[in-house]
Amino acid sequence: MRMEWTYAALVGVGAFLGAVARYALSEWIAGRFPSRFPYGTLTVNVLGSFGIGWIVGAQWDEPWRLLAGVGFLGAFTTFSTLKAESVRLMRDGRIRLASAYLGISYVSGVCAAFAGLALGAA
């Protein structure tokens, strides 16, 4: 498959905006709700899961799907930070908190994606 440069640019623009939005929202949440629990990452991942479910359910056209879904939400959500924070909690001896964080992240993420899918398809 040949890559369309305009589509790659859409993904890039979306990714830039999504990464900036993730950073800003995570920092805002951390400032408002200081805790060892990573509420910021949990929030962006659940919101992103809902958003991608909505985009898929609504069957957005490819350029918009690439900009908003692949680009923005792909960079807005963060699987690697979820893992790094979980490892940090475990390393600090907070096994239960890490387990709760992983469980809440995965269950709420899947539920949010299903909710977004249903809303988008409606």
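With +1 on each Lys and Arg Cβ and -1 on each Asp and Glu Cβ, how big is the dipole of the chain about its Cα centre, in debye rounded to the nearest 20? Intermediate values should be presented prior to the final figure.
Numbers: 10 positive and 6 negative charges, 109 e Å.
Roughly 520 debye for the chain.
Say R0 is 25 Å: what FRET efficiency, to the nearest 0.05, do Val13 and Arg91 get from their beta-carbon distance? Intermediate values should be presented prior to the final figure.
Numbers: r = 37 Å, r/R0 = 1.46.
Plugging the Cβ-Cβ distance into 1/(1 + (r/R0)^6) gives 0.10.
Convert each backbone phi in the stretch 108-113 into a coupling constant with the Karplus relation 6.51 cos²θ - 1.76 cosθ + 1.60 (shift: θ = phi - 60°), then list the ³J(HN,Hα) values in order as whole Hz, x for Gly and Pro.
For the stretch 108-113, the Karplus curve yields 5, x, 5, 4, 5, 5 Hz.
I want to check the label-to-label distance for Arg32 and Ala100. Put each point 7 Å from Cα in the C-beta direction and report it in nm to one decimal.
Distance between the two pseudo-spin positions: 2.1 nm.
Over the chain, what relative contact order in percent results from Cα pairs under 8 Å that are six or more residues apart?
On the way: 163 pairs, mean separation 48.1, N = 122.
Worked out over the chain, it gives 39 percent.
Of all trypsin sites (Lys or Arg not before Pro) in the stretch 1-89, which ones are in loop regions per DSSP and have a Cβ with at most 10 other Cβ atoms within 10 Å? Spell out each step's value before the answer.
Details: sites: Arg2, Arg22, Arg32, Arg36, Arg65, Lys83, Arg88; in loops: Arg2, Arg36.
Sites meeting the loop and neighbour criteria: Arg2.
In the chain, with Lys and Arg counted as +1 and Asp and Glu as -1 at Cβ, which of these residues, Ala121, Thr81, Gly12, has the Cα nearest the positive end of the dipole, that is, farthest along it?
Selected residue: Thr81.
Report the net charge of residues surrounding Ala30, where surrounding means a beta-carbon distance below 13 angstrom and charges are Lys +1, Arg +1, Asp -1, Glu -1.
Details: positive: Arg22, Arg32, Arg36; negative: Glu27, Glu85.
Net of charged neighbours comes to +1.
Work out, step by step, the length gained on full extension between Val20 and Val56: first 0.36 nm times the residue separation, then minus their alpha carbon distance; give nm to one decimal. Spell out each step's value before the answer.
Values: separation 36, 0.36 × 36 = 12.96 nm, distance 2.31 nm.
In short, 10.7 nm is gained.
Bear in mind that the values in this text are calculations on the coordinates, not laboratory data. Owing to the predicted nature of the structure, the values given are computational and were not obtained by experimental measurement. Every residue, glycine among them, receives a Cβ derived from its backbone with ideal geometry; neighbour counts consider all protein chains shown.
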